[in-house]
Amino acid sequence: MATFSKRIEIQQLVTETDSIGNQLKEWKTVVKPWCSAVITTGKEYYEAAQINAENDITFKMLYSRKIHEMNPSEIRIIYNGKAYDVKRITDYREQRRTLEIKAVEINGRD
């Protein structure tokens, strides 16, 4: 069994209305689970004459229905001061014991 000794923040993009009616989008932390974190790959690729690093990471944690039912395209993870786009949330071996979240580092865009 993995050691869940790392703390992450799962954030969701929410739209709020300020006092004069402007709609503002803001990332809000919805849960802070304990997990393990494993960097799965590190790739470099050329895009528009720039070299960009892509760091994939897998977070493993105890099963949570709330997290499992989240839409990956509407959330991000904050880990060690870096933001990660969530690509996939998987119920590992479909046993409702462990979740795996595949994510990629955002690299300077927000």
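Here, each number is a calculation from the coordinates, and none is a lab measurement. None of these values were measured; they are calculated from a predicted model. For neighbour counting, all protein chains shown are included, and Cβ atoms are generated from backbone atoms with ideal geometry for every residue, glycine included.
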* Relative to a virtual label point 7 Å from the Cα of R96 in the Cα→beta-carbon direction, which members of segment 56-79 show backbone nitrogen distances below 11 Å? -> 64-65
* Asked: What does the highest-first list of 58-66, 13-21, 25-33, 85-93 look like by mean Cβ count within 10 Å?
  -> 58-66, 85-93, 25-33, 13-21
* Structure fact -> Once both label points are put 7 Å beyond Cα along the C-beta direction, the K87-N71 separation in nm becomes 2.1 nm
* Structure fact -> Between the modelled labels at K32 and L62 (7 Å from Cα along Cα→Cβ) the distance in nm is 1.7 nm
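Around F59, with a cut-off of 9 angstrom between Cβ atoms, what is the net charge of the other residues, counting Lys and Arg +1 and Asp and Glu -1?
Details: positive: K6, K60, K102; negative: E100.
Neighbourhood net charge equals +2.
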